[in-house]
Amino acid sequence: MTTPQDAAGFWETTGAAKTFTHPLDPELLAEFVPRTARVLDYGCGYGRLTAELAGLGYRSVLGVDVSAALVERGRREHPGVDLRRWAGFPLPFEDGAFDAALLFAVLTCVRQDADQTAIVQELGRLVRPGGVLYLSDVPLQSDPFNRERYERFAQRYGTYGVFETPDGGVFRHHPPERLRGLVRAAGFETVRERQDTVRTLDGHIVGRLGIVARRVRPAGASG
């Protein structure tokens, strides 16, 4: 079995050459986020969705990612799109600096509970009251292929849903209630959910859960 690289190493090397496939639902976004909104695409990778947003007419869009290799690739492939590399928190923006944030197939790349919480809490800080978080990620799958690898790697990682890929990546699928709970704890209230299927980086078809949530209280405050 391939020894998994640490998360940072994978996304600076093997992962930086991947073609991302998790699609945006433009109609769902437009229902809640006007073209004039200040939008943060967190975990933007090489700026695929950031560039798509700009192409859709969103006039103030910024992509941020922890991977220098992905951001460098994005600047080559999408010149003129604002992509920035920033590792760690807090991000260099004031509280409430954005009207909306996207978090697309990011938590699936983050296996630790604490790191996932930190990401969503930071977006709770950065999205203004009344603003929107649009999260899309992969819940636990029920097919035999995924169930087998969840069980195979559960002892190694201590979390059911975490698994390795043959090229050294480590990914995580989530109970839907965990995704909802992260959003809620960061001060957002879900206003729409949508489920469909998407293709993964390795060509598998999986179900996904999309959550659109509005910021109603400070991150960490009880509801």
Taking first residues from the stretch 80-99 that are within 16 Å of Gly131 (Cα to Cα) and part of a loop (DSSP other than H, G, I, E, B) and second residues anywhere that are small (Gly, Ala, Ser) and open to solvent by less than 40 Å² (accessible area, probe 1.4 Å), the pairs with Cβ under 9 Å that are 6 or more apart or on different chains are Gly96/Gly131
So which residues in the stretch 108-125 are open to solvent by less than 10 Å² (accessible area, probe 1.4 Å) and under 14 Å from Val170 (Cβ atoms)? Gln116
Among Ala105, Ala17, which is more than 18 Å from Arg128 (Cα to Cα), surrounded by fewer than 20 Cβ atoms within 10 Å (Cβ to Cβ) and among the aliphatic types (A, V, I, L, M)? Ala17
Is it the case that the stretch 136-143 has a residue that's out of contact with any Ser or Thr (no Cβ under 9 Å at 6 or more places or on another chain), modelled with pLDDT under 95 and surrounded by 15 or more Cβ atoms within 10 Å (Cβ to Cβ)? no
Please specify each residue of the stretch 199-215 satisfying the condition of being within 16 Å of the chain's Cα centre (by Cα) and open to solvent by 10 Å² or more (accessible area, probe 1.4 Å). Arg199, Thr200, Leu201, Gly207, Arg208
How many residues, within the stretch 55-79, are open to solvent by 20 Å² or more (accessible area, probe 1.4 Å), free of Cβ contacts under 8 Å to residues at least 24 places away in the same chain and not in a helix (DSSP H, G or I)? 3
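A quick yes/no check of all residues on (1) closer than 18 Å to Cys44 by Cβ; (2) of a type in the set (A, V, I, L, M, F, W, C); (3) out of contact with any Asp or Glu (no Cβ under 8 Å at 6 or more places or on another chain):
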{"position": "Asp113", "(1), (2), (3)": "no, no, yes"}
{"position": "Tyr134", "(1), (2), (3)": "yes, no, yes"}
{"position": "Gln141", "(1), (2), (3)": "no, no, yes"}
{"position": "Phe163", "(1), (2), (3)": "no, yes, yes"}
Can you name every residue in the stretch 1-14 that is open to solvent by less than 60 Å² (accessible area, probe 1.4 Å) and either at pLDDT 90 or above or over 27 Å from Gly207 (Cβ atoms) (or both)? Gly9, Phe10, Trp11, Thr14
If you take the residues of the stretch 80-90 that are open to solvent by less than 100 Å² (accessible area, probe 1.4 Å) and touching a helix residue (DSSP H, G or I) at 6+ places or on another chain (Cβ under 6 Å), which of them is nearest to Tyr42 (Cα to Cα)? Leu83
Hey, does the stretch 119-130 have a residue that's in contact with a helix residue (DSSP H, G or I) (Cβ under 9 Å, 6 or more places away or on another chain) and either part of a strand (DSSP E or B) or of a type in the set (D, E, K, R) (or both)? no
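The values are calculated or read from the model by the stated rules, or taken from the named source; none is laboratory data. It should be emphasised that the depicted structure is a prediction, and the values quoted were computed from it without experimental measurement. Backbone-built Cβ (ideal geometry, glycine too); neighbour counts: all protein chains shown. The protein model used for the area step is the full one, side chains on, heavy atoms only, and it has no ligands, DNA or RNA in it. Shrake-Rupley method; radii C 1.70, N 1.55, O 1.52, S 1.80 Å.
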